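Just below is one structure, and these are the notes that go with it.
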Amino acid sequence: PITLGELLCLGSSIAFSGLFYYLYRKKARVVARIQEAPKLQVDDNLPALVSAADGRCLPYVAVEGIVLPAKAALTSHYHEGLQGVIQKLLLKEHRLIWNSLARSW
């Protein structure tokens, strides 16, 4: 005889397994898209290629080329001879205006 607790444990185990398998497959598709991404070189044609794309955005691409650090290159503590740079980010905040009708910013 199977008890109610055993059925509850079995059902929740199957539900969690299904949820985790769904998340795994979703992430596996993203990884496959990233691995199949076209490789572009940093050259004079890159700005024209980006501006010609839909929404001026390339979804998954690998950009290859030589970059120069602004100050000093970062060296790895774990791999000898491995260096990297940090991409400079620009954050533009839009001005918030109080909407008295909706009582929100």
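The values are calculated or read from the model by the stated rules, or taken from the named source; none is laboratory data. These figures come from a predicted structure and were not determined experimentally. We place every Cβ from the backbone using ideal geometry, glycine too, and count neighbours over all the protein chains shown. Only protein heavy atoms, including side chains, enter the accessible area calculation; ligands, DNA and RNA are left aside. Shrake-Rupley method; radii C 1.70, N 1.55, O 1.52, S 1.80 Å.
Number of Lys pairs in the chain with C-alpha atoms less than 29 angstrom apart, excluding same-chain neighbours closer than eight positions? Pairs that pass both the separation and distance tests number 8. In this Cβ point-charge picture (+1 for Lys and Arg, -1 for Asp and Glu), the chain has a dipole of about 420 debye about its Cα centre. Surface composition of the chain: carbon plus sulfur atoms contribute 61% of the solvent-accessible area (1.4 Å probe, protein chains only, all chains present). Exposed loop sites are taken as trypsin sites (Lys or Arg not before Pro) in a DSSP loop (any state but H, G, I, E or B) with at most 12 other beta carbon atoms within 10 Å; the longest stretch of the chain without one runs 1-70. Counting only DSSP H runs of at least 4 residues, each contributing -39500 (n - 2.57), and dividing by the residue count of the chain, the helix-based mean residue ellipticity at 222 nm comes to -12500 deg cm²/dmol. What is the angle, in °, between the Cα long axis of helix 4-35 and the longest principal axis of the Cα atoms in the chain? Nearest 10 is fine, range 0 to 90. Tilt of helix 4-35: around 20 degrees.
Starting from one equal scatterer on each C-alpha and no solvent at all, send me the Debye-based log10 I(q)/I(0) for the chain at q = 0.16, 0.17, 0.24 Å⁻¹, two decimals. Normalising to I(0) and taking log10 leaves -1.00, -1.04, -1.28.
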